[in-house]
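The values are calculated or read from the model by the stated rules, or taken from the named source; none is laboratory data. Model, not experiment: these values are computed from the prediction. We place every Cβ from the backbone using ideal geometry, glycine too, and count neighbours over all the protein chains shown. Ligands, DNA and RNA are excluded from the accessible area calculation, which covers all protein heavy atoms including side chains. Shrake-Rupley method; radii C 1.70, N 1.55, O 1.52, S 1.80 Å.
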Amino acid sequence: MKINVLAIAPYIGLRDLLMEMVREETAIRMDVEVADLQEALPLVQLAEERGYNMVVSRGGTASLIRQHTSLPVVDIPVSGYDILRVLTLVRKTNSKVAIIGFPNICKAVSEVSSLLEFDIPTFSIGDPAEVKGALEQAFQSDVKIVLGDVVTVRAAQEMGYHGILITSGRESVSDMFREVRRVFDVYRQGQAKVEFYREMMDSDSRAIFALDRHKNVMYLNHAAGNMIGGKTEDDVSGKGIQLFFPILYKLIQQLEETPDAKDLQQFLHVNDRQYKASVMARGNASHFHYLVSLDSVERWRNERRFAAYIPSRLVTFNQLVGSSSVLKKTISRSLKYAETDRNVWISGEKGTGKSAFAQAIHSASKRHGQGFYMIPCGEIAEQELDALLKGTAEELALPETGFAGTIYLNNADRLDRASQDKWLKVIRQYKSIRFLASSSTTLNRLKSRADYNQDLIAALSELHITVPPLRERMEDLDEIIRVSIASYNSQSGKQIVGFRDAAMDELMQYHWTGNLRELENAVHEMLILTKGNYVEHKDAALVLQRYKQSADLHAAAAFAPIDLRGSLEEIERRIIMHVLQEEGMNQSKTCKRLGINRTTLWRKMNKTLNNET
């Protein structure tokens, strides 16, 4: 008989490691899910009903699961090897590092760090709820990087700082499997099955209700409680929804009266606000229920705002990696600009991190709670831009909704003349919105372009910063790579601690014309190739050789001359075909580069084809 185990991995890399190592365990059958803290509870609620003998998890998630199941819960430990690896990773950083965790972890880190002669402050907690307070205390003492469990790393990132996860390695997983076998032998003697009939809804900004077949409340989340007057689950559990939310009761009746319907979506007006309501009927005769969610129309529209992009988590200045003087000066100037309401133009080569600076400026401004829209100027189609700025029959234009946050025009130098004029009109009309813009073209060069609206440049460049290229701050390379390694480890389950000196020399000698983006892509590929704890010289050299060959090909293509022989019309056709090929035959991008509309492009291409035939 195999032991049926449900493993709840707080991070993706641990899931992959568990799935790899369980293949070697003949006595254990394991299903692995990725969830952390409250996210794990819905999975655990059904664990015994689905025939699992025990649950495996780590840290605070394991402690929380124990409070919500009668099944045995086995911890995946953090071993001395795990601690040694993460301390090796951060040992040479220029930033102040601290550990936040439960007493056993803090004690183990202190012991290992003392052997390494590496002084690291510790902040001990007894409960995950204490993490935020410990983080605030750490950051007040000038800590820039925190080590800890998933809850610590996530909270640090939400506060705008770097967190590095202490991952569990193969030794820790092996210890866990031994404990699973031991606990199962004991548990098997007195195992009592308990069925769970109640499904927990995930914590969500939407209002969520779970109702039984009689429309009595089984569960509601915090947002749903607030919607019906601050009620708690204890207040309404087992009572009919019609007592608290009659309009929702009528909506469910409407679903019941529709033959063969299992889902219904409709807009409701509740407490002077519009909501998009979704009702789902699920289950069978013995376990039938309704799941209802209500999403505010404002949030629902914002998340689907055509080509405008809303980052799920905004970058802060504390997350801009590096300690070089040129980066510090740029950040210092940007922080001062963030405190103002003036529009800022951000210049810099491709891949330098202009979008990160734009997000950080918004995050540090008084508008940080008002929303941030990123407009991909080189990609947004004319009809999408018109819908965004002028609205449609179904939706108001973004400026007309009362939006008072930040609009970021990414690659503003790629706007065609018509789009430039539209944005200038909006900037002049809506003074409540702050605008940020970025370009890979220098501002001086853009000002010399006859096809660019100089009034738009003036309106968007009340203030100006230039993000330095990577070649001007190569001393930051080590810190940037360290952060990339930590992120990769948490995703992959590997325990890479650094680059060999020879491999690092290869990176330092490369020109990085693609800047941070090119560096991050190259490092990621090297980490994938790495089999041990260090990136070896051969892996770095292999990746960089391919990058050098690609750069040479691009350079050759950039300097390939266009044949200027023949008539003006013939030369024009060659230029059009050259740009089309550079843009991957994308006609929209070609039109933007040439400053012509699609009709003109089609006419010229059609004429070319007719001449050739």
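The alpha carbons of region 22-150 occupy a box of 50, 34, 20 Å along the principal axes, longest dimension given first. Element breakdown for region 401-457 at a 1.4 angstrom probe: carbon and sulfur atoms account for 46% of the accessible area.
Rolling a 1.4 Å probe over the protein heavy atoms gives the chain an accessible area of 51 Å² per residue. Identify all lysines with a Cα-Cα distance to LYS107 below 28 Å; exclude those on the same chain that are fewer than 8 residues away in sequence. Within the straight-line cut-off, LYS107 pairs with LYS92, LYS96, LYS132, LYS144, LYS494.
With r as the distance between the Cβ atoms of GLN491 and GLU136 and R0 = 25 Å, compute the FRET efficiency 1/(1 + (r/R0)^6) and round to 0.05. Calculated transfer efficiency: 0.35.
Measure off, as a whole percent, the carbon and sulfur share of the 1.4 Å-probe accessible area of region 78-139, all protein chains present.
Working: 1590 of 3160 Å².
Here it works out to 50 percent.
Sorted from longest to shortest, the spans of the Cα atoms of region 465-508 along the three principal axes equal 38, 27, 11 Å.
Counted residue by residue at 0.36 nm each, then reduced by the alpha carbon distance between them, the extension gain from ALA397 to GLN429 reaches 10.2 nm.
Return the label of the correct value of Cα Rg over 2.2 N^0.38 Å, as calculated from the structure shown, out of (1) 2.84; (2) 1.42; (3) 1.14. Matching entry in (1) 2.84; (2) 1.42; (3) 1.14: (3).
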